[in-house]
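Everything on this sheet refers to the single structure shown next.
The values are calculated or read from the model by the stated rules, or taken from the named source; none is laboratory data. Predicted model only: the values in this text are computed from it and were never measured. Note: ideal-geometry Cβ built from the backbone for every residue, glycine included; neighbour counts use all protein chains shown.
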(Lines give C-alpha, C1' and ligand atoms only; values in the text may rest on other atoms or scores of the structure.)
Protein backbone atom coordinates (compact mmCIF):
# COMPACT_ATOMS: atom_id res chain seq x y z
CA UNK A 1 0.00 0.00 0.00
CA UNK A 2 2.82 2.42 0.86
CA UNK A 3 4.56 1.70 -2.44
CA UNK A 4 1.35 2.38 -4.36
CA UNK A 5 0.97 5.72 -2.59
CA UNK A 6 4.58 6.63 -3.44
CA UNK A 7 3.93 5.76 -7.10
CA UNK A 8 0.82 7.93 -7.14
CA UNK A 9 2.58 10.84 -5.44
CA UNK A 10 5.49 10.71 -7.87
CA UNK A 11 3.18 10.50 -10.87
CA UNK A 12 1.14 13.53 -9.79
CA UNK A 13 4.25 15.53 -8.88
CA UNK A 14 5.87 14.71 -12.22
CA UNK A 15 2.81 15.77 -14.17
CA UNK A 16 2.54 19.11 -12.35
CA UNK A 17 6.26 19.74 -12.68
CA UNK A 18 6.19 18.97 -16.38
CA UNK A 19 3.33 21.41 -16.96
CA UNK A 20 5.06 24.26 -15.19
CA UNK A 21 8.63 23.82 -16.46
CA UNK A 22 10.18 23.51 -19.92
CA UNK A 23 13.27 21.58 -20.96
CA UNK A 24 15.17 24.82 -21.40
CA UNK A 25 14.84 26.00 -17.79
CA UNK A 26 14.48 22.75 -15.86
CA UNK A 27 16.35 19.50 -15.33
CA UNK A 28 13.04 17.65 -15.64
CA UNK A 29 12.83 15.61 -18.85
CA UNK A 30 9.62 13.64 -18.31
CA UNK A 31 8.69 10.43 -16.55
CA UNK A 32 8.08 6.75 -17.31
CA UNK A 33 6.43 3.84 -15.58
CA UNK A 34 5.02 0.39 -16.17
CA UNK A 35 4.77 -3.24 -15.14
CA UNK A 36 7.23 -6.10 -15.56
CA UNK A 37 7.12 -9.88 -15.12
CA UNK A 38 10.19 -11.50 -13.63
CA UNK A 39 11.73 -14.91 -13.04
CA UNK A 40 14.81 -15.83 -11.06
CA UNK A 41 16.69 -18.27 -8.88
CA UNK A 42 16.65 -17.33 -5.19
CA UNK A 43 18.58 -18.74 -2.26
CA UNK A 44 20.03 -17.68 1.10
CA UNK A 45 20.00 -18.45 4.80
CA UNK A 46 16.70 -19.12 6.58
CA UNK A 47 16.99 -18.95 10.37
CA UNK A 48 13.68 -20.63 11.21
CA UNK A 49 13.63 -23.57 8.84
CA UNK A 50 11.48 -26.54 9.85
CA UNK A 51 12.86 -30.03 10.40
CA UNK A 52 11.56 -32.80 8.15
CA UNK A 53 10.31 -36.08 9.64
CA UNK A 54 13.60 -37.74 8.63
CA UNK A 55 15.60 -35.08 10.52
CA UNK A 56 16.76 -33.01 7.55
CA UNK A 57 16.63 -29.21 7.67
CA UNK A 58 14.26 -27.81 5.06
CA UNK A 59 15.81 -24.61 3.67
CA UNK A 60 14.48 -24.37 0.11
CA UNK A 61 16.09 -22.59 -2.79
CA UNK A 62 14.87 -22.54 -6.35
CA UNK A 63 12.97 -20.73 -9.09
CA UNK A 64 10.66 -17.82 -8.26
CA UNK A 65 8.14 -16.01 -10.47
CA UNK A 66 6.49 -12.67 -9.91
CA UNK A 67 5.31 -9.28 -11.07
CA UNK A 68 6.27 -5.72 -10.21
CA UNK A 69 6.04 -2.10 -11.24
CA UNK A 70 8.12 1.04 -11.24
CA UNK A 71 7.92 4.74 -12.01
CA UNK A 72 10.85 7.05 -12.76
CA UNK A 73 11.40 10.77 -13.15
CA UNK A 74 13.90 11.60 -15.92
CA UNK A 75 16.37 14.32 -14.94
CA UNK A 76 18.86 15.95 -17.28
CA UNK A 77 19.91 13.69 -20.15
CA UNK A 78 21.26 10.59 -18.39
CA UNK A 79 19.70 10.22 -14.94
CA UNK A 80 16.44 8.71 -13.66
CA UNK A 81 15.12 8.15 -10.16
CA UNK A 82 11.90 6.83 -8.69
CA UNK A 83 10.30 3.92 -6.88
CA UNK A 84 9.55 0.27 -7.56
CA UNK A 85 7.79 -2.62 -5.86
CA UNK A 86 7.29 -6.30 -6.60
CA UNK A 87 6.02 -9.65 -5.36
CA UNK A 88 7.70 -13.03 -6.03
CA UNK A 89 6.49 -16.54 -5.21
CA UNK A 90 8.58 -19.70 -4.95
CA UNK A 91 6.37 -22.79 -4.96
CA UNK A 92 7.63 -25.95 -3.29
CA UNK A 93 7.64 -27.97 -6.50
CA UNK A 94 10.20 -25.53 -7.98
CA UNK A 95 12.73 -25.90 -5.14
CA UNK A 96 15.37 -28.41 -4.10
CA UNK A 97 13.05 -29.37 -1.19
CA UNK A 98 10.21 -30.60 -3.41
CA UNK A 99 10.68 -34.15 -2.08
CA UNK A 100 10.24 -32.92 1.50
CA UNK A 101 7.61 -30.19 1.31
CA UNK A 102 4.00 -31.07 0.59
CA UNK A 103 1.93 -29.32 -2.12
CA UNK A 104 0.71 -25.92 -0.92
CA UNK A 105 4.04 -24.93 0.60
CA UNK A 106 5.50 -21.67 -0.67
CA UNK A 107 7.83 -18.75 -0.01
CA UNK A 108 6.45 -15.33 -0.97
CA UNK A 109 8.47 -12.13 -1.04
CA UNK A 110 7.15 -8.58 -1.18
CA UNK A 111 9.52 -5.62 -1.37
CA UNK A 112 9.85 -2.04 -2.56
CA UNK A 113 12.35 0.78 -2.56
CA UNK A 114 13.98 3.79 -4.17
CA UNK A 115 15.80 3.32 -7.47
CA UNK A 116 18.27 5.39 -9.45
CA UNK A 117 20.01 4.69 -12.73
CA UNK A 118 22.05 6.23 -15.50
CA UNK A 119 20.85 5.74 -19.07
CA UNK A 120 22.07 6.39 -22.58
CA UNK A 121 19.90 6.77 -25.68
CA UNK A 122 21.24 4.94 -28.75
CA UNK A 123 18.61 5.39 -31.48
CA UNK A 124 15.88 2.88 -30.51
CA UNK A 125 17.77 1.35 -27.58
CA UNK A 126 18.11 2.91 -24.12
CA UNK A 127 20.87 1.21 -22.14
CA UNK A 128 20.79 1.68 -18.37
CA UNK A 129 22.64 0.67 -15.20
CA UNK A 130 21.62 1.41 -11.62
CA UNK A 131 20.36 0.03 -8.35
CA UNK A 132 17.53 -0.12 -5.85
CA UNK A 133 17.63 0.18 -2.06
CA UNK A 134 14.67 -0.65 0.15
CA UNK A 135 12.98 -3.18 2.39
CA UNK A 136 10.47 -5.99 2.37
CA UNK A 137 9.32 -9.18 4.00
CA UNK A 138 9.42 -12.87 3.17
CA UNK A 139 6.63 -15.26 4.20
CA UNK A 140 7.16 -19.00 4.22
CA UNK A 141 4.56 -21.75 4.60
CA UNK A 142 6.19 -25.15 5.05
CA UNK A 143 3.84 -28.16 5.03
CA UNK A 144 5.77 -31.28 6.00
CA UNK A 145 2.86 -33.58 6.72
CA UNK A 146 -0.73 -33.20 5.56
CA UNK A 147 -2.79 -32.49 2.46
CA UNK A 148 -3.89 -29.03 1.30
CA UNK A 149 -6.90 -30.53 -0.50
CA UNK A 150 -8.67 -31.61 2.69
CA UNK A 151 -10.17 -29.80 5.68
CA UNK A 152 -8.14 -31.95 8.07
CA UNK A 153 -5.59 -29.89 10.06
CA UNK A 154 -2.05 -30.45 8.85
CA UNK A 155 -0.04 -32.53 11.27
CA UNK A 156 3.27 -30.77 10.78
CA UNK A 157 3.43 -27.31 9.23
CA UNK A 158 5.22 -24.01 9.92
CA UNK A 159 4.48 -20.42 8.91
CA UNK A 160 7.23 -17.83 9.25
CA UNK A 161 7.47 -14.14 8.35
CA UNK A 162 10.67 -12.10 8.38
CA UNK A 163 11.54 -8.54 7.35
CA UNK A 164 14.73 -7.61 5.54
CA UNK A 165 16.74 -4.77 4.02
CA UNK A 166 17.96 -5.15 0.45
CA UNK A 167 20.20 -3.68 -2.23
CA UNK A 168 19.73 -4.63 -5.89
CA UNK A 169 22.21 -3.63 -8.61
CA UNK A 170 20.83 -3.98 -12.15
CA UNK A 171 21.50 -3.47 -15.85
CA UNK A 172 19.05 -3.41 -18.73
CA UNK A 173 17.82 -2.09 -22.02
CA UNK A 174 14.62 -0.40 -23.18
CA UNK A 175 13.69 -0.91 -26.82
CA UNK A 176 11.55 1.92 -28.19
CA UNK A 177 8.51 0.45 -29.93
CA UNK A 178 7.23 4.04 -30.16
CA UNK A 179 8.25 7.29 -28.49
CA UNK A 180 5.83 6.56 -25.65
CA UNK A 181 5.96 2.74 -25.38
CA UNK A 182 9.16 0.84 -24.58
CA UNK A 183 9.77 -2.90 -24.33
CA UNK A 184 12.00 -3.24 -21.27
CA UNK A 185 14.56 -5.93 -20.38
CA UNK A 186 16.40 -6.03 -17.07
CA UNK A 187 18.79 -8.30 -15.17
CA UNK A 188 19.49 -7.80 -11.48
CA UNK A 189 20.94 -9.50 -8.42
CA UNK A 190 18.97 -9.15 -5.20
CA UNK A 191 21.00 -8.94 -1.97
CA UNK A 192 18.79 -9.29 1.12
CA UNK A 193 20.44 -8.55 4.45
CA UNK A 194 19.39 -9.09 8.07
CA UNK A 195 21.83 -8.63 10.98
CA UNK A 196 24.74 -8.46 8.51
CA UNK A 197 23.90 -11.87 7.00
CA UNK A 198 22.67 -12.66 3.51
CA UNK A 199 19.32 -14.40 3.63
CA UNK A 200 16.54 -15.63 1.42
CA UNK A 201 15.71 -14.08 -1.03
CA UNK A 202 19.11 -13.54 -2.65
CA UNK A 203 19.93 -14.25 -6.27
CA UNK A 204 19.57 -13.27 -9.95
CA UNK A 205 16.32 -12.28 -11.66
CA UNK A 206 15.33 -11.45 -15.25
CA UNK A 207 12.55 -8.97 -16.09
CA UNK A 208 10.43 -8.37 -19.18
CA UNK A 209 7.72 -5.76 -19.48
CA UNK A 210 6.46 -2.49 -20.90
CA UNK A 211 7.30 1.08 -19.90
CA UNK A 212 5.11 4.02 -20.84
CA UNK A 213 6.91 7.33 -21.27
CA UNK A 214 5.74 10.94 -21.13
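Considering (1) touching a strand residue (DSSP E or B) at 6+ places or on another chain (Cβ under 7 Å); (2) at pLDDT below 95; (3) under 17 Å from residue 202 (Cα atoms), the lone condition that residue 66 does not fulfil carries the number (2). One residue alone among 115, 141 is assigned to a strand (DSSP E or B), modelled with pLDDT under 90 and under 25 Å from residue 166 (Cα atoms), and that residue is 141.
Right, residue 125: modelled with pLDDT of 90 or more and farther than 20 Å from residue 166 by Cβ or not? I'd like the intermediate steps shown before the answer.
Working: modelled with pLDDT of 90 or more: yes; farther than 20 Å from residue 166 by Cβ: yes.
When the stated conditions are applied, residue 125 passes them.
Looking only at residues in the range 163-214 that are within 14 Å of the chain's Cα centre (by Cα) and not in a strand (DSSP E or B), the one that is modelled with the highest pLDDT is 201. The set of residues in the range 174-210 being in contact (Cβ under 8 Å) with a residue 12 or more places away in the chain, surrounded by fewer than 18 Cβ atoms within 10 Å (Cβ to Cβ) and farther than 23 Å from residue 107 by Cβ consists of 175, 176, 179, 180, 181, 183, 185, 210. Filtering the range 93-119 to residues that are free of Cβ contacts under 8 Å to residues at least 40 places away in the same chain, surrounded by 15 or more Cβ atoms within 10 Å (Cβ to Cβ) and under 14 Å from the mean Cα position of the chain (by Cα) leaves 108, 110.
In the range 118-138, what count of residues is obtained for those that are in contact with a strand residue (DSSP E or B) (Cβ under 7 Å, 6 or more places away or on another chain) and assigned to a loop (DSSP other than H, G, I, E, B)? Before you say what the answer is, go through the steps one by one.
Here is the first cut: in the range 118-138, the residues in contact with a strand residue (DSSP E or B) (Cβ under 7 Å, 6 or more places away or on another chain) are 118-120, 124-138.
Filter again for assigned to a loop (DSSP other than H, G, I, E, B), leaving 124.
Qualifying residue count, the range 118-138: 1.
Just so you know, in the range 72-84 the residues that are surrounded by fewer than 22 Cβ atoms within 10 Å (Cβ to Cβ) and modelled with pLDDT of 90 or more include one that is nearest to residue 189 (Cα to Cα), and it is 81.
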